[in-house]
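Following: one structure in structure tokens, then a few remarks.
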Amino acid sequence: MKRVTVFGSRYWPQCEPVKEFLSANNIDFDYFDISENLMNLKMYLRCRDFRPEFDKVKEQGKIGIPLIVVGDGEKFIIEREPTLDELK
């Protein structure tokens, strides 16, 4: 299984179900709460501000969390729960 990184916020209700899904399926992941500190927010913005996957999110004025990054950026899953196949 590839490395899984999740960016979210304790203030955004859609983030907790994603963490629960990953845990329930025994998927190890790193979680960064973008509202916890500036460093986490900066890491998230490096993805959001420079990746074309976020163009639609930004056009709609959305934040784009939860964000799941698979591997070293091979896949970006934005604002939804992933499927197990997407995490491979």
Cut-off under 5 Å, modelled amide H: who pairs with TYR31 long-range: VAL6
C-alpha center-to-center spacing [segment 42-88, segment 1-32] in angstrom: 13 Å
Which whole-number percentage describes the relative contact order of the chain, with Cα contacts under 8 Å and a sequence gap of 6 or more? 39 percent
How about LYS62: which lysines have a C-alpha closer than 22 Å to its C-alpha, ignoring those fewer than 8 places off in the same chain? LYS19, LYS42, LYS75
To test your reading of the geometry: what angle, between 0 and 90 degrees and rounded to tens, separates the Cα axis of helix 38-48 from the longest principal axis of the chain? 90 degrees
Please report, as a whole percent, how much of the solvent-accessible surface of the chain comes from carbon and sulfur atoms (probe radius 1.4 Å). 52 percent
In whole Hz and in residue order, list the ³J(HN,Hα) couplings for segment 23-30 that follow from phi through the Karplus curve 6.51 cos²θ - 1.76 cosθ + 1.60, θ = phi - 60°; x for Gly and Pro. 5, 5, 9, 6, 9, 6, 8, 9
Once fully extended, how much extra length lies between MET1 and ASN26, figured as 0.36 nm per residue of separation less the alpha-carbon to alpha-carbon distance? 7.9 nm
Charges at C-beta only: +1 for Lys and Arg, -1 for Asp and Glu. How large is the resulting dipole of the chain about its Cα centre, in Debye rounded to 20? 220 debye
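The values are calculated or read from the model by the stated rules, or taken from the named source; none is laboratory data. Since the structure is predicted, the reported quantities are computational estimates derived from the model, not experimental observations. Cβ sites come from the backbone with ideal geometry, for glycine too, and all protein chains shown count toward neighbours. With ligands, DNA and RNA removed, areas are computed over all heavy atoms of the protein, side chains included. Shrake-Rupley method; radii C 1.70, N 1.55, O 1.52, S 1.80 Å.
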